Amino acid sequence: MSDNILEIRDLHVSFDMRHGERIYAVRGIDLEVKRGEVLALVGESGSGKSVTGKAVLGILPPSASITSGSIKYNGEELTELKCDGYNRIRGSEISMVPQDPFLSLDPIAPVGAQIAESIRKHDTGGRIGREERRRGALELMREVGIAAAEERYGDHPFRLSGGQRQRIAIAAALAPSPRLLICDEPTTALDVTIEAQILGLFERLKRQRALSMLFITHDLGVVARMADRVAVMYAGRIVEIGEVDEIFYEPRHPYTWSLLSSVPSGSGGRLRIIPGYVPDMRDPPIGDAFAPRSEWAMRIDHLAHPPFFDISPTHRVASWLYHKNAPRAEMPSELRELIAARLEERRRFLMENGSDKERCEEG
Amino acid sequence: MAKYKRNKTITIYIYRELWGDIVGENEREVLLDVSDLRKSFKGSSGRVEALSGVSFKVFSREIFGIVGESGSGKTTVGRIISGLYSPSSGSVRLGNEVIALGEDELGKMKRSAPTEYKRLRRVMRSGRAHPEIRMVFQDPTASLNPRMNVLEQVGEALLATGVRDKAEIGEGVRRAIADVGLPPSCLYRYPHEFSGGQRQRIGIARAIITKPRLLIADEPVSALDVSVGAQVINLIYDLARERGMSVIFIAHDLSLVRHVCDRVAVMYKGRIVELAESEELFRHPTHPYTVALLSAIPEPDPFFAKRAVRRVYEGGGLEGELCEVSSGHLVLMDG
């Protein structure tokens with residue numbers, strides 16, 4: 001078996017709109033999720049990150065189609081699967097935690113029954129009895145940290161708080177014991193304290209169940225906490241992909257620089273923003289899509305799409321700045337200082353605490 | 001002896017009046033004074049107390065943040081100040097004018113000052129905001145009338161203040177639209193033709209056209225994309241600074257609040273648990289809830305985000321009153 005649980009190669013997804021218009025949402029992405037790792041997919045809305053997640057699960061809306069490319073799960077090609085085949089994969093192999101559990105849970109069914117149904121649907125032989133399903137659902141509810149699971153079992157979604165609803169949605173997603181979890185902005189709708197708890201739950205589940213995750217988010221704080229590797233998307237393409245430390249401490253693409261610089265930190269009145277707007281995906285720009293907003297853009301950026309340049313065996317960046325003929329590009333000095341300060345803080349922390357292994361185990 | 005003391009305070013008062021400009025920044029003008037505000041709503045199982053005694057002051061030209069999670073009462077505070085709800089008890093003062101008063105206090109006032117009582121009751125029953133206070137709402141799609149174009153939409157705010165001259169309204173709208181960074185060509189277009197960020201700009205234009213002294217922005221960007229939201233925040237910030245307008249910025253996103261606000265109040269279960277200048281609050285959080293809230297923010301740094309010790313707030317510390325732990329830093333505590 002290969003190392004990769006999921007491999008996406010040159011995936012193109014477009015939406016057919018009225019009046020013959022076409023939106024090119026995903027324009028050729030390559031990525032792989034390794035076994036047991038969390039790959040974060042980061043980008044602004046409209047960058048195609050959610051569409052990628054949906055394409056993997058085969059739940060694209062009818063107006064969307066995969067125009068080319070391949071998605072392989074454990075070596076099995078998903079894009080060629082028919083409905084039946086997909087149902088075998090969906091849930092029991094790949095499952096999804098949605099952004100808003102209020103929309104994804106059935107408002108008129110008790111939450112426990114919804115988890116039990118998820119167990120029944122994936123019990124192909126029909127061997128699991130009603131009582132056993134109930135016990136299974138209760139166990140899942142306890143696993144995702146719902147206090148007094150027995151009492152909550154019969155409650156309808158509206159009686160639960162947002163955090164509890166998200167826990168139920170996670171329990172339902174986990175019911176068929178999937179190997180790969182696709183999380184589409186699973187904490188965006190939650191308060192920070194609840195978000196921290198849910199992220200903690202994901203960390204625990206990942207460890208206990210050896211889950212692999214494709215974690216879709218726009219929040220760099222969430223990325224920093226969850227991800228092993230990060231893929232930065234812009235205008236339907238991946239612009240930079242690497243280990244989480246490489247992306248946060250040695251970012252290379254001008255878009256990644258802008259993203260990292262625009263995280264609000266400290267006080268200072270106005271927020272730093274990326275000038276300009278995301279491109280219109282009905283008519284995506286030729287060349288590097290970020291070039292119109294980038295102060296590092298060169299003439300070639302407007303003419304041809306940059307290929308990937310390898311920075312390290314794990315770190316790739318799609319920018320002409322790393323072509324051998326390009327002038328040497330430096331990240332903005334403020335960002336460099338910010339990163340240097342963080343590394344310094346990290347060094348001091350390690351000095352004071354020795355090796356941080358013990359701390360990790362405590363946490 | 002008693003007489004002497006009173007004279008002394010008067011002297012100090014006069015001294016402040018005279019020397020106010022020179023004394024300057026320490027003696028800031030209080031624009032809004034919210035005092036012991038309480039509000040309860042009728043729920044399915046009895047009354048639910050949304051606010052249980054909230055007091056704070058907003059200075060003029062200040063950006064004042066209110067943060068808290070859902071259900072903390074932050075929106076209720078905003079709605080009482082803007083006249084959408086009337087408080088169960090407590091008072092709201094704008095400058096020297098009382099603009100909202102609780103039922104008990106109103107009852108007392110009815111006996112002691114009947115004319116003032118009648119005026120205030122009329123104002124509060126109208127459900128209208130004080131002319132100096134305007135709001136920007138969370139969802140720009142829901143808060144704009146889909147059947148009005150921008151000129152009507154924004155002009156209506158002027159109309160409501162009694163301006164009748166069409167040319168004057170047109171001129172005002174044009175200026176407000178330019179101030180929020182929209183092109184003049186959008187005057188005759190309808191809300192559905194705009195993006196979320198542009199719609200929120202229209203909402204802001206409608207709020208600032210009457211030149212209010214206080215703007216209440218209730219989660220103005222939580223319905224927007226992060227990058228678009230940042231632009232809207234910058235717009236509100238610039239307008240406030242240019243016009244010397246005070247802003248009450250209600251939000252759940254702490255990092256934004258920290259960035260743009262001068263002072264921040266943290267609310268939990270209908271109370272202010274901590275209030276301080278924003279840097280002070282983020283450097284030295286004191287109340288256990290604030291500590292937990294700040295520790296929950298995921299840091300954009302992979303090393304520390306994965307190792308951060310997250311404090312859990314286990315309740316408590318909600319009794320007592322706001323005590324000053326250092327200059328301008330108030331914490332809810334016993335004694």
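Just so it is clear, none of the values below were taken in a lab; they were calculated from the coordinates. Model, not experiment: these values are computed from the prediction. For neighbour counting, all protein chains shown are included, and Cβ atoms are generated from backbone atoms with ideal geometry for every residue, glycine included.
Please sort through the DSSP H helices of chain B and keep those with an alpha-carbon extent of at least 24 Å along the long axis and a Kyte-Doolittle average not below -0.5.
B:2-23, B:226-243
What percentages, rounded to whole numbers, describe P(r) for the protein assembly as shown computed over all alpha carbon pairs with 20 Å bin width beginning at zero?
Histogramming the protein assembly as shown at 20 Å steps yields 15, 45, 32, 7, 0 percent.
Scattering from the C-alpha atoms of the range A:102-177 alone, worked out with Debye: what is log10 I(q)/I(0) at q = 0.12, 0.25 1/Å?
-0.27, -1.16
Find, among the trypsin sites (Lys or Arg not before Pro) in the range B:148-182, those assigned to loop by DSSP (not H, G, I, E, B) with at most 13 other beta-carbon atoms within 10 angstrom.
Here the trypsin sites (Lys or Arg not before Pro) that fit, given the DSSP loop and packing criteria, are B:R164.
Sorted by mean Cβ packing within 10 Å, highest first, what order do the peptides A:121-133, A:295-307 take?
Top of the packing list down: A:295-307, A:121-133.
So what's the range A:253-337 giving for Rg/Rh, alpha carbon basis, Kirkwood Rh from the mean inverse pair distance? Intermediate values should be presented prior to the final figure.
Working: Rg = 14.2 Å, Rh = 14.3 Å.
Here Rg/Rh amounts to 0.99.
Normalised by the residues of the range A:253-337, what does the relative contact order come to in percent, with Cα pairs under 8 Å and at least six apart?
Relative contact order for the range A:253-337 comes out at 25 percent.
Choose one of B:V154, B:F137, B:S195: the residue whose Cα lies farthest towards the positive end of the charge dipole of the range B:120-216 (beta-carbon charges +1 Lys, Arg; -1 Asp, Glu; about the Cα centre).
B:F137
Please compute the average number of Cβ atoms from other chains found within 10 Å of each residue's Cβ in peptide B:63-69.
1
How far, in degrees from 0 to 90, does helix A:130-143 lean away from the longest principal axis of the Cα atoms of chain A, to the nearest 10?
40 degrees
Give me a single rounded figure for B:256-262: the average over its residues of other chain Cβ atoms within 10 Å of their Cβ.
4
Give the Rg (one decimal place) followed by the Dmax (whole number) of the range B:30-333, computed from C-alpha coordinates and expressed in Å.
In Å, with Rg to one decimal and Dmax whole: 20.2, 65.
On the principal axes of its Cα set, how long, how wide and how thick is the range B:136-265? Give whole Å, largest value first.
Projected onto its principal axes, the Cα set of the range B:136-265 covers 42, 29, 21 Å.
For B:K211, go through the aspartates and glutamates and keep the ones whose alpha-carbon is under 15 Å away, minus same-chain ones fewer than eight residues off.
Those aspartates and glutamates meeting the cut-off are B:E132, B:E156, B:E168, B:E171, B:D179, B:D238, B:E242.
Report, in listed order, any pair from A:K206/B:K74; B:K42/B:K74; A:K72/A:K206 with a Cα-Cα distance greater than 25 Å.
A:K206/B:K74
Give the percent of DSSP beta bridges with both residues in the protein assembly as shown that are antiparallel, rounded to the nearest 5.
Percent antiparallel among DSSP bridges in the protein assembly as shown is about 65.
Across peptide B:216-227, what mean number of C-beta atoms from other chains lies inside 10 Å of a residue's C-beta?
Details: counts 0, 0, 0, 0, 0, 0, 2, 0, 1, 5, 11, 13.
The per-residue average across the peptide is 3.
Using a cut-off of 10 Å between beta-carbons, work out the net charge of the residues near B:A305 (Lys and Arg +1, Asp and Glu -1, B:A305 not included).
+1
Looking at chain B, send over the antiparallel percent of its DSSP beta bridges, to the nearest 5.
The antiparallel fraction comes to roughly 65 percent.
Rank these for me by crowding, A:L190, B:L187, going from fewest to most other beta carbons within 10 Å.
Ordered from fewest to most neighbouring Cβ atoms within 10 Å, A:L190, B:L187 come out as B:L187, A:L190.
Once each part is reduced to its C-alpha centroid, what is the distance from the range A:209-254 to the range B:48-126 in angstrom?
Cα centres, the range A:209-254 to the range B:48-126: 47 Å.
Any idea what % of Cα-Cα pairs in the range B:64-144 are farther than 19 Å?
Numbers: 1363 of 3240 pairs.
Within the range B:64-144, distances greater than 19 Å cover 42 percent of Cα pairs.
Excluding B:L215 itself, what net charge comes from residues whose Cβ is under 15 Å from its Cβ, given Lys and Arg +1 and Asp and Glu -1?
Numbers: positive: B:R61, B:R79, B:R134, B:R201, B:R206, B:K211, B:R213, B:R241, B:R243; negative: B:E62, B:E132, B:D179, B:D218, B:E219, B:D238, B:E242, B:D262.
Spelling it out: positives minus negatives among the neighbours equals +1.
So what is the calculated 222 nm ellipticity per residue for chain A, using -39500 (n - 2.57) for each DSSP H run with n of 4 or more, over all residues, to the nearest 500 deg cm²/dmol?
Numbers: 13 runs with 128 residues, N = 363.
Mean residue ellipticity, 222 nm, calculated: -10500 deg cm²/dmol.
Go through the range A:1-96 and name the trypsin sites (Lys or Arg not before Pro) that are in a DSSP coil and have 11 or fewer other Cβ atoms within 10 Å of their Cβ.
Answer in residue order: A:K82.
Give me the lysines in straight-line cross-link reach of B:K118: C-alpha distance below 21 Å, same-chain residues under 8 apart excluded.
B:K108, B:K110
With every atom except the alpha carbons ignored, what do you get for Rg and Dmax of the range A:135-224, in angstroms?
Using the Cα atoms of the range A:135-224, the pair Rg, Dmax is 12.9, 38 Å.
Out of the trypsin sites (Lys or Arg not before Pro) in the range B:180-257, which ones are loop residues according to DSSP with at most 16 other C-beta atoms within 10 Å?
Answer by residue number: B:R189.
Could you state the angle between the C-alpha long axis of helix A:192-209 and the longest principal axis of the C-alpha atoms of chain A, as a value from 0 to 90 degrees rounded to the nearest 10?
Helix A:192-209 and the main axis of chain A meet at about 80 degrees.
Using Cα atoms only, what is the angle between the long axis of helix A:162-174 and the major principal axis of chain A, expressed in degrees (0 to 90) to the nearest 10?
80 degrees
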